[in-house]
Amino acid sequence: MDNQEKEPIFSAKNLKLLTEPLGKNNPITMQVLGICSALAVTVKLKPAIVMALSVTIVTAVSNLVIAALRKQIPDRIRIIVQLVVIATMVILVDQFLKAYVFDVSKQLSVFVGLIITNCIIMGRLEAFAMANKPWPSFIDGIGNGAGYGLILVVVSFFRELLGSGTIYGYPVLEKLGIYKTGYENNGMVILPPMALIFVGLIIWIQRSRDKSLIEKN
Amino acid sequence: MENLLNIFVKSIFVDNMIFAFFLGMCSFLAVSKSVKTALGLGVAVIFVLLITVPINFLIEKYVLKEGALIWLGESFGDVDLSFLTFMVFIATIAAMVQLVEMVVEKFSPALYNSLGIFLPLIAVNCAILGASLFMQEREYANVVEATVFGVGSGIGWLLAIVGIAAIREKLKYSNVPDPLKGLGITFILTGLMAIAFMGFMGIQL
C-alpha cells in the first residue's frame, strides 16, 4: 500500500491507532476484553480466522456508525443504541456466514451471536467511538479487531498443530513422517482448559519481553 | 422430575458456563479480586438468568420460531422471524436488567446497594446472552426446563467466580514470577480449575 500519497488519511496518529492494539495495547492480553469468544473458537485455525474477520468487521463498522452518530445519541440510552447497531451488524455477518461458509458457521454455533456482547466492541465504542471522529474510530476498530485476531490465530495455530497435527486442515505432521518416530497428538490441547493456559503463556512471554507492562499490586 | 434434576446438575457442573464455554469471562476476570464482590456479582447473575431465560424461551416459542405466530391466525403460519433472534434477545435482556434494577431499587434498597453496581454490567455479560442462545440451540421442551437450565447455569457461574476469587485472595502470599502477576496467573489458574471441572464430564443422573 502506498502510504505516501494518502498521508493525511494515514497520518502518524492514525497509524498508531492501527498498530498499538497489535502489541502494547492488545485487547486480549492488556485490556482484558473479548476473552469469552477468543478461547472457545481456537481449537482449529479455520473457525478462528473466520471469527477474527467477523469481529474486525463488526468492530470497525459499528465504531464508524456510532462515531458518526455520536452527537445525536442521548447519553442515557446510549447502551441500547450501541447494542442495536452491533446486533444489526452481527445479524448481517451471521446470515453471510450461514450462506457462504455453513460448516464454519455450525462450528462457531452460539459464538457468532455472542459477538454482540463481545466486550471488545462495547469497550471500543464507549472508550473511543463516542469521543472521536468517524475515520479514526474506523481505524481503531480495525486495529483492535486485528489485535484480537492475532491472539486467536496464534493460539489456534499451536492448538491445531499440537492437538490434531494439522495446519488449516492440512496434515503437516503426517506428511513430514513424524508419526513414524512414535510421536502422538496431544489430545489434551484440544480440550477447552488449554486455551486459557495458552493465553496465560502468551501474556507471560509478552510481559517478560516488555517489562513496562508488568502489573504492580 | 428426574429430567429436571439432570438438566440442573448438568448445567452447573458439566456444561459450566465458565469452564466449558468461557462465557462471562470479562467480568469473571475483572471482578474476582475479592470473595465478597464476586459473591454479589454471582447472585446478580443468577437473578437475571432466572428472569431472562424463561422470557426469551416464551418469546422464541410464540414469536420468533418458524410457524410460531400461528396463534395469531392461519395466515401467519409460515412466518419465520428467527433471523431476529439476536436483536430481540439482547433487547429483552437489556430491558429486563433495567427493569430489575428499578424494581430492586424501589422495594429493597439494601439489596440494591449490594447488587446495584453490578446490574448494568450484567446486560453485556456474555453468560446471560449465551444462556439464552444455548437454550434456543438445545431446544428445551417447556418453560420449566428452560428456567431450571437458566438457574443452573447461574449457580455454576457463581461457583466458578467465588472459587477463583478465593484463590486470588490467597495468591497475595505466593511468589509469582513478575510477568505472570495479575492477569497471566489468573488465566493459568482458571485453566487448572477448568481441568478439575472436566472430571464431571459425562455425569448422567
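The values are calculated or read from the model by the stated rules, or taken from the named source; none is laboratory data. Since we're looking at a predicted model, the values are computed, not measured. Note that we place each Cβ from the backbone using ideal geometry, even for glycine, and neighbour counts take in every protein chain shown.
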For this session: Please enumerate the residues belonging to the stretch B:70-93 that are surrounded by fewer than 19 Cβ atoms within 10 Å (Cβ to Cβ), in contact with a Leu (Cβ under 8 Å, 6 or more places away or on another chain) and within 26 Å of A:VAL93 (Cβ to Cβ).
Result: B:VAL79, B:LEU81, B:SER82, B:LEU84, B:VAL88, B:ALA91
Exercise. Which ranges mark the helices (runs of 4 or more DSSP H) fully within the stretch A:77-152 that have 2 or more residues being away from every other protein chain (no Cβ under 14 Å), among the small types (Gly, Ala, Ser) and buried (at least 20 other Cβ atoms within 10 Å of the Cβ)?
Worked result: none
Exercise. For the stretch B:111-205, which fully contained helices (runs of 4 or more DSSP H) count at least 2 residues that are within 10 Å of another protein chain (Cβ to nearest Cβ) and either at pLDDT 85 or above or over 19 Å from the mean Cα position of the chain (by Cα) (or both)?
Worked result: B:126-138, B:183-197
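One line per residue, one yes/no per condition, for (1) at pLDDT 75 or above; (2) part of a helix (DSSP H, G or I); (3) under 28 Å from A:ARG207 (Cα atoms); (4) within 14 Å of another protein chain (Cβ to nearest Cβ):
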position	(1), (2), (3), (4)
A:LYS6	no, no, no, no
A:ASN14	yes, yes, yes, no
A:LEU17	yes, yes, yes, no
A:PRO27	yes, no, yes, yes
A:VAL32	yes, no, yes, yes
A:VAL58	yes, yes, no, yes
For this session: Residue by residue through the stretch A:177-186, note down the ones that are touching a Gly at 6+ places or on another chain (Cβ under 8 Å) and either at the interface with chain B (Cβ under 8 Å from one of its Cβ atoms) or among the aromatic types (Phe, Trp, Tyr) (or both).
Result: A:TYR179
For this session: Within the stretch B:60-82, work out how many residues are farther than 19 Å from B:MET96 by Cα and touching a residue at least 24 places away in the same chain (Cβ under 8 Å).
Result: 0
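Of all residues in the stretch A:169-210, which are aromatic (Phe, Trp, Tyr) and exposed (fewer than 13 other Cβ atoms within 10 Å of the Cβ)? Before you say what the answer is, go through the steps one by one.
Here is the first cut: in the stretch A:169-210, the residues aromatic (Phe, Trp, Tyr) are A:170, A:179, A:183, A:198, A:204.
Across the stretch A:169-210, the qualifying residues are A:TYR170, A:TYR183.
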Problem set entry | Of all residues in the stretch A:202-217 being assigned to a helix (DSSP H, G or I) and of a type in the set (S, T, N, Q), the one that is farthest from the other protein chains (Cβ to nearest Cβ) | A:SER212
For this session: Please find, within the stretch B:17-39, the residue that is farthest from the other protein chains (Cβ to nearest Cβ) out of those that are of a type outside the set (A, V, I, L, M) and surrounded by fewer than 20 Cβ atoms within 10 Å (Cβ to Cβ).
Result: B:LYS36
Seminar exercise, completed: The residue from A:SER54, A:SER37, A:SER109 that alone is of a type in the set (Gly, Ala, Ser), at pLDDT 85 or above, touching a Leu at 6+ places or on another chain (Cβ under 9 Å) and within 29 Å of A:VAL189 (Cβ to Cβ) is A:SER54
Problem set entry | Test: B:VAL104 is out of contact with any Ser or Thr (no Cβ under 9 Å at 6 or more places or on another chain) and within 29 Å of B:SER32 (Cβ to Cβ) | yes
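Could you list, in sequence order, all residues of the stretch A:32-76 that are among the basic types (Lys, Arg) and crowded, with 23+ Cβ neighbours inside 10 Å? Working first, answer last.
Of the stretch A:32-76, the ones among the basic types (Lys, Arg) are A:44, A:46, A:70-71, A:76.
Residues satisfying the conditions do not exist here.
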Problem set entry | Breaking point among (1) among the polar types (S, T, N, Q); (2) in a helix (DSSP H, G or I); (3) over 15 Å from the mean Cα position of the chain (by Cα), for B:SER32 | (2)
Exercise. Considering the stretch B:172-192 alone, what residues qualify as being within 16 Å of B:ALA38 (Cβ to Cβ) and surrounded by fewer than 18 Cβ atoms within 10 Å (Cβ to Cβ)?
Worked result: B:LYS172
Problem set entry | Pair list, Cβ < 6 Å and 6+ apart or interchain, from the stretch A:38-49 residues that are polar (S, T, N, Q) to residues that are modelled with pLDDT of 80 or more and in a helix (DSSP H, G or I) | A:THR42/A:ALA48; A:THR42/A:LEU152; A:THR42/A:VAL155; A:THR42/A:SER156; A:THR42/A:ARG159; A:THR42/A:ALA195
For this session: Please state which one of A:VAL189, A:VAL199, A:VAL155 is within 12 Å of another protein chain (Cβ to nearest Cβ), over 30 Å from A:ALA60 (Cα atoms) and either touching a residue at least 12 places away in the same chain (Cβ under 8 Å) or touching a Lys or Arg at 6+ places or on another chain (Cβ under 9 Å) (or both).
Result: A:VAL189
Exercise. Does any residue of the stretch B:42-59 turn out to be touching a residue at least 40 places away in the same chain (Cβ under 8 Å), within 23 Å of B:LYS170 (Cβ to Cβ) and under 16 Å from the mean Cα position of the chain (by Cα)?
Worked result: yes
